[in-house]
Amino acid sequence: ASIATSGSYQAILNANYIKTRLKDHYNILYTGTKGNVAHEMILDCRDFKKTAEVEVADIAKRLIDFGFHAPTVSFPVAGTLMIEPTESEDK
(Lines give C-alpha, C1' and ligand atoms only; values in the text may rest on other atoms or scores of the structure.)
Protein backbone atom coordinates (compact mmCIF):
# COMPACT_ATOMS: atom_id res chain seq x y z
CA ALA A 1 0.00 0.00 0.00
CA SER A 2 1.16 3.52 -0.66
CA ILE A 3 1.65 5.99 2.17
CA ALA A 4 -1.52 7.81 1.06
CA THR A 5 -3.60 4.72 1.84
CA SER A 6 -1.79 3.57 4.95
CA GLY A 7 -3.45 3.72 8.36
CA SER A 8 -0.68 5.96 9.68
CA TYR A 9 -1.21 8.51 6.91
CA GLN A 10 -4.97 8.54 7.55
CA ALA A 11 -4.47 9.03 11.29
CA ILE A 12 -2.11 11.97 10.68
CA LEU A 13 -4.45 13.46 8.10
CA ASN A 14 -7.45 13.11 10.44
CA ALA A 15 -5.60 14.62 13.41
CA ASN A 16 -4.51 17.60 11.33
CA TYR A 17 -8.03 18.07 9.96
CA ILE A 18 -9.40 18.26 13.52
CA LYS A 19 -6.53 20.54 14.58
CA THR A 20 -7.27 22.91 11.70
CA ARG A 21 -10.96 23.04 12.58
CA LEU A 22 -10.28 23.75 16.27
CA LYS A 23 -7.12 25.89 16.24
CA ASP A 24 -8.97 29.22 16.12
CA HIS A 25 -11.03 28.27 19.16
CA TYR A 26 -8.68 26.26 21.40
CA ASN A 27 -5.00 26.19 22.24
CA ILE A 28 -3.37 23.18 20.57
CA LEU A 29 -0.21 21.92 22.27
CA TYR A 30 2.85 20.40 20.62
CA THR A 31 2.54 21.46 17.02
CA GLY A 32 5.57 21.16 14.78
CA THR A 33 7.48 23.99 13.12
CA LYS A 34 4.90 24.09 10.31
CA GLY A 35 1.97 23.96 12.71
CA ASN A 36 1.12 20.31 12.15
CA VAL A 37 0.46 17.56 14.67
CA ALA A 38 1.30 13.87 14.44
CA HIS A 39 -1.36 11.15 14.70
CA GLU A 40 -2.80 12.81 17.79
CA MET A 41 -3.51 16.31 18.98
CA ILE A 42 -3.63 17.80 22.44
CA LEU A 43 -6.21 20.42 23.40
CA ASP A 44 -5.28 22.61 26.34
CA CYS A 45 -8.37 22.71 28.59
CA ARG A 46 -6.76 24.33 31.63
CA ASP A 47 -8.48 27.68 31.05
CA PHE A 48 -11.90 26.00 31.37
CA LYS A 49 -11.07 25.16 34.98
CA LYS A 50 -9.92 28.73 35.66
CA THR A 51 -12.79 30.53 33.95
CA ALA A 52 -15.75 28.14 34.30
CA GLU A 53 -14.72 25.62 36.97
CA VAL A 54 -15.05 22.83 34.39
CA GLU A 55 -12.61 19.95 34.74
CA VAL A 56 -11.08 18.17 31.76
CA ALA A 57 -12.85 14.95 32.87
CA ASP A 58 -16.19 16.79 32.64
CA ILE A 59 -15.44 17.69 29.03
CA ALA A 60 -14.43 14.12 28.22
CA LYS A 61 -17.59 12.70 29.79
CA ARG A 62 -19.75 15.15 27.84
CA LEU A 63 -18.08 14.11 24.59
CA ILE A 64 -18.94 10.51 25.45
CA ASP A 65 -22.56 11.60 26.03
CA PHE A 66 -22.60 12.79 22.41
CA GLY A 67 -21.22 9.52 21.06
CA PHE A 68 -17.57 10.48 20.70
CA HIS A 69 -14.89 7.98 21.66
CA ALA A 70 -13.40 8.84 25.05
CA PRO A 71 -10.31 11.01 24.66
CA THR A 72 -7.23 10.57 26.81
CA VAL A 73 -7.30 13.07 29.67
CA SER A 74 -4.39 14.72 31.44
CA PHE A 75 -1.70 12.83 29.53
CA PRO A 76 0.95 13.82 28.75
CA VAL A 77 -0.03 17.19 30.27
CA ALA A 78 -2.44 17.61 33.20
CA GLY A 79 -5.63 19.43 32.22
CA THR A 80 -5.55 18.48 28.55
CA LEU A 81 -7.45 16.22 26.14
CA MET A 82 -5.43 14.06 23.78
CA ILE A 83 -7.49 13.26 20.71
CA GLU A 84 -6.32 10.35 18.58
CA PRO A 85 -8.58 10.01 15.55
CA THR A 86 -8.94 6.54 14.20
CA GLU A 87 -7.61 5.78 10.78
CA SER A 88 -10.59 3.61 9.94
CA GLU A 89 -13.33 6.26 10.15
CA ASP A 90 -14.05 8.93 7.60
CA LYS A 91 -14.60 12.61 8.39
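How large a share of the accessible area of the chain, in percent, is made up of carbon and sulfur atoms when the probe is 1.4 Å and the other protein chains stay in place? If you can, show how the numbers build up before the last one.
Numbers: 3570 of 6530 Å².
After summing per-atom areas, the C and S share lands at 55 percent.
Looking only at chymotrypsin sites (Phe, Trp or Tyr not before Pro) in DSSP loops with at most 11 other Cβ atoms within 10 Å, what is the longest site-free stretch of the chain? Write down the numbers at each step before the final one.
Details: sites that count: 66, 68.
So the longest stretch without any such site is 1-65.
Taking H placed 1.01 Å from N in the peptide plane, check which residues at least 5 places from residue 72 or on another chain put their amide H under 5 Å from its amide H.
When sequence neighbours closer than 5 places are left aside, the close amide H contacts are 82, 84.
Do any GluC sites (Glu not before Pro) in segment 1-65 lie in a DSSP loop with no more than 15 other beta carbon atoms within 10 Å, and if so, which?
Working: sites: 40, 53, 55; in loops: 40, 53, 55.
Within segment 1-65, the qualifying GluC sites (Glu not before Pro) (loop, at most 15 other Cβ atoms within 10 Å) are 53, 55.
For labels at residue 69 and residue 21 in the simple 7 Å Cα→Cβ model, what's the distance in nm?
Reported label-point gap for residue 69 and residue 21 is 1.5 nm.
So with the 1.4 Å probe, I'd like the accessible area per residue for the chain, rounded to whole Å². Each step should come with its number before you reach the end.
Values: 6530 Å² over 91 residues.
With all protein chains present, the chain gives 72 Å² per residue.
With each label point set 7 Å from Cα along the Cα-Cβ vector, what nm distance links residue 33 and residue 77?
2.1
Helix 56-65 sits at what angle to the longest principal axis of the chain, using alpha carbons and giving 0 to 90 degrees rounded to 10?
60
Quick one: what do you get for the chain if you divide its Cα Rg by 2.2 N^0.38 Å?
Values: Rg = 13.7 Å, N = 91, 2.2 N^0.38 = 12.2 Å.
Relative to the rule-of-thumb radius for its length, the chain sits at 1.12.
The values are calculated or read from the model by the stated rules, or taken from the named source; none is laboratory data. None of these values were measured; they are calculated from a predicted model. Note that we place each Cβ from the backbone using ideal geometry, even for glycine, and neighbour counts take in every protein chain shown. Remember, those area values only see protein heavy atoms, side chains included, never the ligands or the DNA or RNA. Shrake-Rupley method; radii C 1.70, N 1.55, O 1.52, S 1.80 Å.
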